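A short write-up of the structure that comes next.
Coordinate-derived values only; no laboratory data. No experiment lies behind these values; they were computed from the predicted model shown. Every residue, glycine among them, receives a Cβ derived from its backbone with ideal geometry; neighbour counts consider all protein chains shown.
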Amino acid sequence: MPERTSMLSSGTPARVNLRPYSAELPLGTLAVGVDNIHHDVFLSPIFVETTEAYLLEFIRQNANLQFLSQSDRSPGDRRTPGRRDAHKKPARAQEGSSWKRRLSDLLHGGLQKAKFEKNIEIDLLLRATLVKYLTQEIGTQFGNLLLEAKEWIRGRGEHFDHTEHAHVIKARLAELQADRRNLFRIVGQHVSPAILEI
């Protein structure tokens, strides 16, 4: 059997041909927005609300913050729990399918409008807007989760703040904050195949 060697240990450095590039989106036929520079795009409020809830729940699941259970949240909080209970999985699957359906409706609506107006730039603008919105929303919902966790600790009272359990939770939140890029990557890798599939 021939001996295997890695490129790093073989003595000769691996050569990777990297070249810069810039992507250009032709949007010359579309009217610019109120600032005369950018194009104004308005996403459906239902899609925005569904996306916020879906991303927050997905980030919550991957952050693995079990202490944020439904019983510990305020009664007015409509969001789904962070626990991985077996009886809650169908609701999460339903939330995911609802989000994908709304995403599909949005993308198909943009494509239909582009076809009707015979202008592919409408579809390009929608796709670029969607990527930008999702990228920003992942960061926003991560921040919302951290805020929710800090409010949970604060809601336990000043005495709890000095306990060992509180210090463990704060250490977990600090780890999560330090590793946020990895979590963003996981969420992005989950969301982008849905867009490509549609």
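Residues Ile153, Ile37, Ile46, Ile169, ranked from the fewest to the most other C-beta atoms within 10 Å, line up as Ile37, Ile46, Ile153, Ile169.
Per-residue Cβ neighbour counts within 10 Å put His159, His108, His39 in the sequence His159, His108, His39, beginning with the fewest.
The distance linking the stretch 17-40 with the stretch 95-129 is 18 Å (Cα centroid to Cα centroid, whole angstrom). Positive contributions from Lys and Arg (+1) and negative ones from Asp and Glu (-1), summed over other residues with Cβ under 12 Å from the Cβ of Ile138, come out at +2. Each of Thr135, Thr129 was scored by other Cβ atoms within 10 Å of its Cβ. Arranged with the fewest first, they read Thr135, Thr129. Listed by chain and number, the aspartates and glutamates whose alpha-carbon sits under 17 Å from that of Lys100, ignoring those within fewer than 8 places in the same chain, are Glu49, Glu52, Glu57, Glu137, Glu197.
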